[in-house]
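Contents: one structure, followed by commentary.
Where a number appears in this text, it was derived from the coordinates with a stated rule and is not lab data. Remember, predicted model here, so these are calculated numbers, not experimental data. For neighbour counting, all protein chains shown are included, and Cβ atoms are generated from backbone atoms with ideal geometry for every residue, glycine included.
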Amino acid sequence: MIYKTDWTYADVGNKMNGNTEIVLTQAEKTVIANEWNENSLEKNNNEPTRKLNEIKSIRLKRLKDTDYLALNDVTLTDEMKSYRQELRDIPQNYTTEAEYDLLLARVDKKLTHAIWSKP
């Protein structure tokens, strides 16, 4: 998600105190717009980290869901070994925000990237 970073005083409305409108000066509105821009810029800068953390959380759940297959008394198929290795390699193989977007793409709330498909 991209947050707007070009707010101006014209975008800022007046404040309400109960049913009473408090009219802000242009200078007060400019200060508020600048705060909005700073907050938006910070959110934009943190967005890749948030996406990577979401990906790591999904990956961890998928690995946990298949951990029982890696026990001593179970033989992992080559497909399952590859799947689990691909999951572990996600942070090294997907490093850009555009790649994060591909990994997080969804249709009807279901992840669509092939890496999430369990064999």
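Between THR75 and LYS110, the distance separating the two model label sites (each 7 Å from Cα on the Cα→Cβ line) works out to 3.1 nm. Computed from phi, the 3J(HN,Hα) profile of the range 57-71 under the Karplus parametrisation 6.51, -1.76, 1.60 (θ = phi - 60°) reads 5, 4, 4, 4, 4, 5, 5, 4, 5, 10, 4, 4, 6, 9, 6 Hz, with x in place of Gly and Pro.
Counting only alpha carbon atoms, the long axis of helix 78-88 and the longest principal axis of the chain meet at about 30°.
Suppose every K and R has +1 on its Cβ and every D and E has -1 on its Cβ; what is the size of the dipole of the range 9-116 about the Cα centre, in Debye to the nearest 20?
320
The spacing between the range 3-34 and the range 85-119, judged by their C-alpha centroids, is 40 Å. Lysine pairs in the range 9-116 whose alpha-carbon atoms fall under 19 angstrom of each other, counting only those eight or more residues apart or on distinct chains, come to 14. Beyond 26 Å, what percent of the Cα pairs of the chain remain? It works out to 48 percent of all Cα pairs.
For the chain, relative contact order (Cα pairs under 8 Å, six or more residues apart, normalised by length) works out to 22 percent. With contacts taken as Cα pairs under 8 Å at a separation of at least 6 residues, the range 72-119 carries a relative contact order of 38 percent.
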